[in-house]
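Peer 1: Below: one structure in structure tokens.
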Amino acid sequence: MRSAKQRVALVSGANRGIGLAIAEQLARKGLKVIIGARNERSGLEAQKRLVTRGLDVYFTLLDVADTASIMAAVGRVSDTFGRLDILVNNAGIMIDHKTTILDLPLDLLQSTLATNALGPLLLSQGFVPLMCKHQYGRIVNISSSLGSLSDIVDPASDYTRLRSPAYRLSKTFLNGITALLARELREQNILVNAVCPGWVRTNLGGPEAPVLPEQVTKTPVWLATLPDDGPTGGFFREQQPIPW
Ligand SMILES: NC(=O)c1ccc[n+]([C@@H]2O[C@H](COP(=O)([O-])OP(=O)(O)OC[C@H]3O[C@@H](n4cnc5c(N)ncnc54)[C@H](OP(=O)(O)O)[C@@H]3O)[C@@H](O)[C@H]2O)c1
């Protein structure tokens with residue numbers, strides 16, 4: 001197995017927000033990091049910013065809601081690097097603040113699921129064979145406590161006033177994908193975990209959120225660089241397991 005220094009990581013939606021902060025911290029650990037972004041200009045700008053800080057960072061065009069774009073990115077990464085060791089499924093949208101489960105339009109649910117859950121599934125399916133080839137893989141799904149069924153049914157939850165049913169369901173779905181992938185890949189040294197970063201000041205989290213993306217990278221980076229005997233099939237926040 002190659003040393004950690006030669007490992008390659010892909011972070012989806014890494015042109016801004018939490019994804020960009022995770023990409024920077026992984027690169028600071030000596031990894032080759034690929035910024036996946038659907039907007040070429042914004043992705044290249046983010047890459048340039050990190051490269052000027054002396055980091056080994058690349059860019060690939062990646063729209064996680066588009067199967068052809070995912071397949072093309074899998075092919076490019078495979079051809080260019082010959083390996084992918086770490087996949088951080090970070091790209092996400094929340095576009096249903098104003099709906100309830102009772103009036104949730106199907107198209108809104110479908111587009112949220114496509115980005116937040118099906119994209120991560122297709123990326124995982126695309127990259128797992130490459131990970132298996134090197135008997136090493138870490139998949140980190142950036143989820144949310146909003147998708148935790150235990151949290152949804154808890155009347156005392158901090159998030160009880162937030163609706164966003166499509167977003168919540170997409171993260172519940174992503175958590176299910178996490179558990180199923182982990183079960184399937186346990187014997188291959190591919191560890192799969194989900195993480196809630198907390199409420200973070202980004203476009204998605206809004207200006208009221210108490211912390212910046214740079215302050216929440218510790219747990220995703222920990223999960224992305226777990227030792228071989230690290231946890232798999234877990235859901236974490238601040239490095240502690242949280243209920244599904
Ligand atoms: N902020 C929070 O409080 C919070 C809490 C819990 C979980 N999360 C999760 O953290 C992750 C990152 O969110 P964030 O807060 O950093 O939000 P953000 O600043 O809005 O960033 C979202 C990122 O996802 C990208 N993206 C969206 N749809 C995409 C697609 N189809 N293909 C490729 N990239 C796409 C965006 O790209 P564009 O620039 O092209 O739009 C952007 O880079 C999400 O999965 C989110 O659900 C956030």
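Peer 1: How about the range 155-167: which of its residues are among the charged types (D, E, K, R), surrounded by fewer than 14 Cβ atoms within 10 Å (Cβ to Cβ) and either under 22 Å from Gly13 (Cα atoms) or away from the ligand (no atom under 14 Å from the Cβ) (or both)? First the steps, then the outcome.
Peer 2: Keep residues of the range 155-167 that are among the charged types (D, E, K, R), which gives 158, 161, 163.
Subsequent filtering for residues that are surrounded by fewer than 14 Cβ atoms within 10 Å (Cβ to Cβ) retains 158, 161.
Passing the criteria: only Arg161.
Each row is one residue, and each column tells you yes or no for (1) exposed (fewer than 13 other Cβ atoms within 10 Å of the Cβ); (2) within 16 Å of the ligand (Cβ to nearest atom).
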position: Gly43; (1), (2): no, yes
position: Gly54; (1), (2): yes, no
position: Ser69; (1), (2): no, yes
position: Gly82; (1), (2): yes, no
position: His97; (1), (2): yes, yes
position: Thr112; (1), (2): no, yes
position: Leu121; (1), (2): no, yes
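Peer 1: Output the residues belonging to the range 1-18 that are away from the ligand (no atom under 16 Å from the Cβ), within 19 Å of the chain's Cα centre (by Cα) and open to solvent by 60 Å² or more (accessible area, probe 1.4 Å).
Peer 2: none
Peer 1: If you don't mind, there's one more thing I want to ask. I need the full set of residues from the range 178-210 which are out of contact with any Leu (no Cβ under 7 Å at 6 or more places or on another chain) and of a type in the set (Lys, Arg), in order please.
Peer 2: The answer is Arg183, Arg186.
Peer 1: Of the residues that make up the range 72-83, is at least one of a type outside the set (A, V, I, L, M, F, W, C) and not in a helix (DSSP H, G or I)?
Peer 2: Within the range 72-83, one or more residues are of a type outside the set (A, V, I, L, M, F, W, C) and not in a helix (DSSP H, G or I).
Peer 1: Something else now. Just the residues that are away from the ligand (no atom under 14 Å from the Cβ) and part of a helix (DSSP H, G or I), please, taken from the range 127-154.
Peer 2: Result: Phe127, Val128, Pro129, Leu130, Met131, Cys132, Lys133, Leu149, Ser150, Ile152.
Peer 1: While we're looking at this one, here's another question. Any chance the range 90-113 includes a residue that's in a strand (DSSP E or B) and not hydrophobic (A, V, I, L, M, F, W, C)?
Peer 2: The answer is no, given that none of the residues of the range 90-113 is in a strand (DSSP E or B) and not hydrophobic (A, V, I, L, M, F, W, C).
Peer 1: Could you check Ala21 against (1) crowded, with 23+ Cβ neighbours inside 10 Å; (2) among the hydrophobic types (A, V, I, L, M, F, W, C); (3) under 27 Å from Arg201 (Cβ atoms); (4) more than 10 Å from the ligand (Cβ to nearest atom) and say which number it fails?
Peer 2: For Ala21, the failing item is (4).
Peer 1: Any residue in the range 65-80 that is at negative phi sitting within a Cβ distance under 8 Å of a residue that is open to solvent by 40 Å² or more (accessible area, probe 1.4 Å) and away from the ligand (no atom under 13 Å from the Cβ)? List the pairs, counting only those 6 or more apart or interchain.
Peer 2: Thr80/Tyr58
Peer 1: Also, I was wondering about something else. Could you please find all residues in the range 123-135 being farther than 19 Å from Asn175 by Cβ and open to solvent by 10 Å² or more (accessible area, probe 1.4 Å)?
Peer 2: Passing the criteria: Gly126, Pro129, Leu130, Cys132, Lys133, His134, Gln135.
Peer 1: Now, a different point. Where residues in the range 182-205 are in a helix (DSSP H, G or I) and open to solvent by less than 30 Å² (accessible area, probe 1.4 Å), which of them is nearest to Gly17 (Cα to Cα)?
Peer 2: Across the range 182-205, the extreme among qualifying residues is Ala182.
The values are calculated or read from the model by the stated rules, or taken from the named source; none is laboratory data. Predicted model, so just to flag it, every value in this text is computed and none were measured. Here Cβ is always computed from backbone atoms with ideal geometry, including for glycine, and neighbour counts include all displayed protein chains. With ligands, DNA and RNA removed, areas are computed over all heavy atoms of the protein, side chains included. Shrake-Rupley method; radii C 1.70, N 1.55, O 1.52, S 1.80 Å.
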